[in-house]
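I have placed the structure first, in the form of structure tokens, so that the comments after it can refer back to it.
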Amino acid sequence: MPLIPMRPLLDHAAQHGYGVCALNVNDMEQIQAIMEAARATRSPVIIQASRGARKFTNDLFLQHLMLAAAELYPEIPVVMHQDHGNAADTCIGAIRMGFTSVMMDGSLEEDGKTPASYEYNVAVTREVVNVAHRFGVSVEGELGCLGSLETGQGDKEDGHGAEGKLSMSQLLTDPSQAVDFVNRTGIDALAVAIGTSHGAYKFTKKPTGDVLAISRIEEIHKKLPSCHLVMHGSSSVPQDLVATINKYGGKIRETYGVPVEEIQRGIKAGVRKINVDTDNRLAITGAIRKVFVEKPEEFDPRGYLTPARAAMQQVCEARMKEFGQAGHASEVPIVSLAQMAQAYAAGKFGEAAKADAPSAAHKGKGGGASAMHH
Ligand code: G3H
Ligand code: 13P
Ligand code: ZN
């Protein structure tokens, strides 16, 4: 099956009330783990690569690995998504490399650290929508900055994230502003800030509503009932995975993630895409450490990459079942990028999702046509 855009998958998820985990990859084994989990649970999947992953893997390797996944698992609809694009050019580069969905994270400036102004966010996100929708590629935007409501600190554990202290209004997406943002940008999905952050150290104790604001998602959903919401930083940081790492010589401090039942509450309130990376990193690391300690004589990478891949597959299968995407692979409408481009142009996804006419774009709405020349 060819790689599909994200919008029809999220539309299907909304129709049937499920969420889809978006799983980060950096290498072949991670892609294999996801595809095996998808096959075992009959799940559609979103596979995403950060800028760091694209640099580590090289776009061409990534593109061919993803095409191999689509070819080897013809029954699984697969979305190839750019995670946290920092600039229009990053997203356009991804589109050129075959990504079927991109995230323009304009909540931060191009440096990936400085909280951006609202008007900058609207303009840069609109610029990406203008280009992406002409190619039938889906666009996720972000409003509000990820970071901890416990400490007020921005989220920079993974290299991409706000530095320093943030205000409550930056850390929590404003529902009225979300309406304006979606209407002005024409995005397909909106990532929201509710107190989650990337990496292993999200909460110092099991989170309650004051530090993990699922209620904010519910408020946004009330105002934007047909907008697909996205939860970033949504690893659950399972205690057993942390324990395995520490048992075999690792050093992970006491920490808590986003409980699966809170994500399920989010799914009931319009969350359709849930980003998970850290849980897989923990699973892989624990499995490799275990082999190194228990079989110090092992030096064939397959000896430790095989259990690592299996450990990641286990996490992926669990999330696919918990988020409800399991069993839906064969029902997702298979729409080509060309068909999507036509549907956007025809206004099928709303006037805002139509790309601006090039002349209008040049007059300051974002520069769709000029952006294509980068
Ligand atoms: O955005 C966060 C993801 O976990 C990707 O992290 O930038 O270290 O690849 P990364
Ligand atoms: P975690 O670090 O919680 O897995 O979040 C991943 C993420 O949001 C990627 O964009
Ligand atoms: Zn993220």
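Structure above, values below:
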read-out: Surface share of carbon and sulfur [accessible, 1.4 angstrom probe, percent] for the chain; value: 55
read-out: Cα gyration tensor shape of segment 20-120, rounded if a/c is under 1.5, else prolate or oblate by comparing a/b with b/c; value: prolate
read-out: Folded to 0 to 90 degrees: helix 278-294 orientation relative to the chain principal axis, Cα; value: 20
read-out: Value of relative contact order over segment 76-139, rounded to a whole percent, pairs C-alpha under 8 Å and six or more apart; value: 33
read-out: Cβ-based charge dipole, segment 28-122, positive-most Cα from Ile47, Gln63, Met28; value: Met28
read-out: Over 26 Å (Cα to Cα) - which of Lys251/Lys321; Lys113/Lys290; Lys202/Lys273 fall in this group; value: Lys251/Lys321; Lys113/Lys290
read-out: Angle between the chain longest axis and helix 118-134 axis [Cα atoms, degrees, rounded to 10]; value: 90
read-out: Nearest-ten-degree value, helix 175-185 long axis tilted from longest Cα axis of the chain; value: 70
read-out: Rounded Å value of the spacing that divides the Cα centres of segment 91-147 and segment 193-222; value: 23
read-out: Electrostatic dipole magnitude of segment 18-146 [Cβ: Lys, Arg +1; Asp, Glu -1; Cα centre; debye, to 20]; value: 240
read-out: Assigned charges on the beta-carbon of Lys, Arg, Asp, Glu; segment 218-330 dipole about Cα centre (debye); value: 240
read-out: Extreme residue, positive dipole direction of the chain, given options Ser138, Tyr118, Asn246 (C-beta unit charges); value: Ser138
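The values are calculated or read from the model by the stated rules, or taken from the named source; none is laboratory data. No experiment lies behind these values; they were computed from the predicted model shown. Here Cβ is always computed from backbone atoms with ideal geometry, including for glycine, and neighbour counts include all displayed protein chains. Accessible surface areas use protein heavy atoms only, side chains included; no ligands, DNA or RNA. Shrake-Rupley method; radii C 1.70, N 1.55, O 1.52, S 1.80 Å.
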